[in-house]
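Visitor: Structure below; questions to follow.
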Ligand SMILES: [Fe+2]
C-alpha cells in the first residue's frame with residue numbers, strides 16, 4: 001500500500017532539487033574574488049583554478065570548527081581516495097557569501113538544506129579555455145559523496161558549452177540540462193542524483209572562463 005504523506009511530513013521533507021536566481025545578483029561585487037582565484041591554479045587539474053575552505057556548523061548555523069585542509073572524495077573516478085589540498089579562499093570571501101548580497105548565498109543554501117548543515121565545504125572554481133575544449137568535470141557523471149550540493153554560476157566569459165546536467169543514475173539521461181547563467185544557483189540531493197557539466201570552449205582567441213561557487217553540505221540527521 002502506498003505511503004500517504006501527511007502535510008506535516010511533506011513540510012519537513014527535504015527538497016531534492018531547486019534552481020534559484022540570487023536576487024539582485026551583481027557580478028561587479030564578485031570581481032575581486034575572481035581576480036584572486038585566477039592566481040590560484042588547481043595543482044591537480046590543468047586549466048582549473050580553485051580555492052577552498054569550510055566549516056563545521058552547530059545546529060543553530062554558527063561555525064564551531066574548520067573542515068580538514070585535505071579534501072578526499074572516495075568515489076571520485078579521476079582522483080579516487082586521493083588527498084587534495086587547495087589554495088585558501090580569497091580574503092573576506094566567506095563574509096561576502098554570508099552578507100555581501102541582498103539574500104546571502106549561505107542563507108539560500110541553508111534554506112534548501114532546511115537549516116540542517118553540519119559540514120559546509122566551499123569551493124571557488126575557475127575553468128579556463130584557450131581555444132580548445134576543456135573538461136569541466138574530469139570525473140564525468142558523479143556524486144560528490146555528500147548530502148546536498150549547490151552550484152552558483154558567477155560568470156561565463158567568452159565561452160560556449162558548460163551545460164549543467166542532473167540525472168537519476170550514473171551516465172543516465174539527464175532530466176535537468178541547462179546552461180546556468182550568472183546568478184543562478186542549482187541545488188540538489190547528492191545521494192539521489194548524479195551531476196555533470198559539459199566541456200567549455202572559448203569562442204574567440206581570447207581566453208574563455210567559467211566561474212562557479214560550489215557548496216556541499218553534510219547534514220544533521
Ligand atoms: Fe561535483
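Visitor: Assuming 0.890 mPa s and 25 °C, estimate D for the chain with Stokes-Einstein, Rh taken as the Kirkwood radius over Cα pairs, in µm²/s. Numbers along the way, then the final one.
Guide: Numbers: Rh = 18.0 Å.
The calculation lands on 136 µm²/s.
Visitor: Could you work out the relative contact order of the range 7-219, using alpha carbon pairs under 8 angstrom and six or more residues apart, expressed as a whole percent?
Guide: On the way: 490 pairs, mean separation 57.0, N = 213.
For the range 7-219, the relative contact order is 27 percent.
Visitor: Shifting gears a bit: Cα centroids of the range 22-58 and the range 169-221: how far apart, whole angstrom?
Guide: Using only Cα atoms, the two centres lie 15 Å from each other.
Visitor: Top mean-square fluctuation among 184, 206, 139, Gaussian network model of the chain, C-alpha springs under 10 Å?
Guide: With Cα springs under 10 Å in the chain, the top fluctuation among 184, 206, 139 is at 206.
Visitor: So how many Å³ per residue does the convex hull of the Cα atoms of the range 97-221 work out to?
Guide: Looking at the range 97-221, the number lands at 101 Å³ per residue.
Visitor: Have a look at 205, 41, 182 and tell me which one the Gaussian network model of the chain (Cα, springs below 10 Å) gives the largest fluctuation.
Guide: Evaluated over the chain, the most mobile residue of the options is 205.
Visitor: Give me the extension gain from residue 83 to residue 104: residue separation times 0.36 nm, minus the current Cα-Cα distance, reported in nm with one decimal.
Guide: Values: separation 21, 0.36 × 21 = 7.56 nm, distance 3.05 nm.
Full extension from residue 83 to residue 104 adds 4.5 nm.
Visitor: Under a point spin-label approximation (7 Å from Cα along Cα-to-Cβ), what is the residue 66-residue 191 distance to one decimal in nm?
Guide: My value for the distance between the label points is 3.0 nm.
Visitor: Moving on to the next point. Sum -39500 (n - 2.57) across every DSSP H segment of at least 4 residues in the chain, then divide by the residue count to get the 222 nm mean residue ellipticity, nearest 500. Please list the in-between numbers first.
Guide: On the way: 4 runs with 28 residues, N = 221.
Dividing the helical sum by the residues of the chain leaves -3000 deg cm²/dmol.
Visitor: Rounded to the nearest 5, what % of DSSP beta bridges with both residues in the range 7-219 are antiparallel? If you can, show how the numbers build up before the last one.
Guide: Values: 58 of 60 bridges.
Of all bridge pairs located within the range 7-219, approximately 95 percent are antiparallel.
Visitor: I want to verify a result. In a Gaussian network model of the chain, Cα cutoff 10 Å, which of these has the top mean-square fluctuation: 52, 84, 156?
Guide: 84
Each value in this text was obtained by applying a stated rule to the coordinates, not by laboratory testing. Here the structure is a predicted model, which is why all the values come from computation and not from measurement. Methodologically, a virtual Cβ is constructed for each residue, glycine included, from the backbone with ideal geometry; neighbour enumeration extends over all protein chains shown.
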